[in-house]
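Values quoted throughout were computed directly from the atomic coordinates according to the rules given, and no laboratory measurement underlies them. The model shown is predicted, which means the values in this text are computed figures rather than measured ones. For neighbour counting, all protein chains shown are included, and Cβ atoms are generated from backbone atoms with ideal geometry for every residue, glycine included.
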Amino acid sequence: MTHEHHHHERTVTSLNKAFILGIALNVAFVVVEFAVGLSYGSMGLLSDAGHNLSDVASLLLAMLAFRLAQAQATPRYTYGYKKSTVLISLLNSVILLIAVGVIVAESIGRMLHPAPVEGGAIAWTAGVGVAINGFTAWLFLKDKDRDLNVKGAYLHMAADALVSVGVLVSGLVISWTGWTIVDPVVGLVVAAVIVASVWSLTRDSLRLSLDGVPGEIDVAAIGRKMTDVPGVKAVHHIHVWAISTTENALTAHVMLESLSRMEEVKHDLKDLLNHAGISHATLEFESAAERCDDLHD
């Protein structure tokens, strides 16, 4: 328990530093990228700057959710503010989808009304973006499977690194060929990459916000494993939902062969559920013998 506590503290500290460093780097890059994009009239850079700005907002919201998840429970909020992590994850995905709409509209506008752009400036700026986005994604790599918001931050920054590679390539192509149409086309590719990267985040966040079963949990398999525990006759009325992006809860009715073994069976069931990713379990026990007597009455 002590080891787990210290590991949790190290994780919290490292993630806080990762969020702060990632936000600072991306704010600086957005300012530079927006300025260069505006100076040279590059839709690729401006759309990428807009997307990076939405990522700054996403990182800020993810950090807020991460902090709220640590808040203590209160008499009115008996689970604390853990559910806010799910809502913020959903809000982040909505922000990204809005950014997609803006990028698509602007890119189509540039295709209809093309304007000259400076390929060299685009390439250099995008090259810096590859480095910053790639480094920020690396900050969240080791913890991306622990929390949906951290996974979202990782996916956003990894997608941004790939997008910046695309903008870099477009800058080089424009420098060599003068084909300015490549710039708005890259803007549309940016939008496609964002949609692809955010789809799973949106789906999972929406499911959890509606108290759906978390994606990594198989309710039927959980029921079978619970029934296999010695002393358990049957399990029914199983409900599983997410308390936060990292914690799951379960309620179930458990029919026992004998209530005399209830404490032992309860310990075995909770240990089983904890290993299955369910940290909060509320179990209602009933005796198979009493159930039969009630039916005969």
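If R0 is taken as 30 Å, the Cβ-Cβ distance between Met262 and Arg76 corresponds to a FRET efficiency of 0.40.
Fewest-first ordering of Arg76, Arg67, Arg110 by other beta carbons within 10 Å of each residue's beta carbon gives Arg76, Arg67, Arg110. Taken over segment 142-190, the convex hull of the Cα atoms encloses 56 Å³ per residue. Annotation note: chymotrypsin sites (Phe, Trp or Tyr not before Pro) in segment 61-101 located in DSSP loop regions with a Cβ neighbour count of at most 16 within 10 Å are Tyr77, Tyr79.
For Asp228 and Trp179 in the same chain, what is the full-extension length gain: residue separation times 0.36 nm, less their Cα-Cα distance, in nm?
Extending this stretch completely gives an extra 11.0 nm.
Under the criterion of Cα pairs below 8 Å and six or more residues apart, the relative contact order for the chain equals 17 percent.
The count of lysine pairs in the chain that are at least 8 places apart or cross chains, and whose C-alpha atoms lie under 24 Å apart, stands at 19.
One entry in [x] 0.95; [y] 1.06; [z] 1.15 is Rg/Rh (Cα atoms, Kirkwood Rh) calculated from the shown coordinates; its label is [z]. Neighbour counting of Cβ atoms within 10 Å sorts the residues Val86, Val173, fewest neighbours leading, into Val173, Val86.
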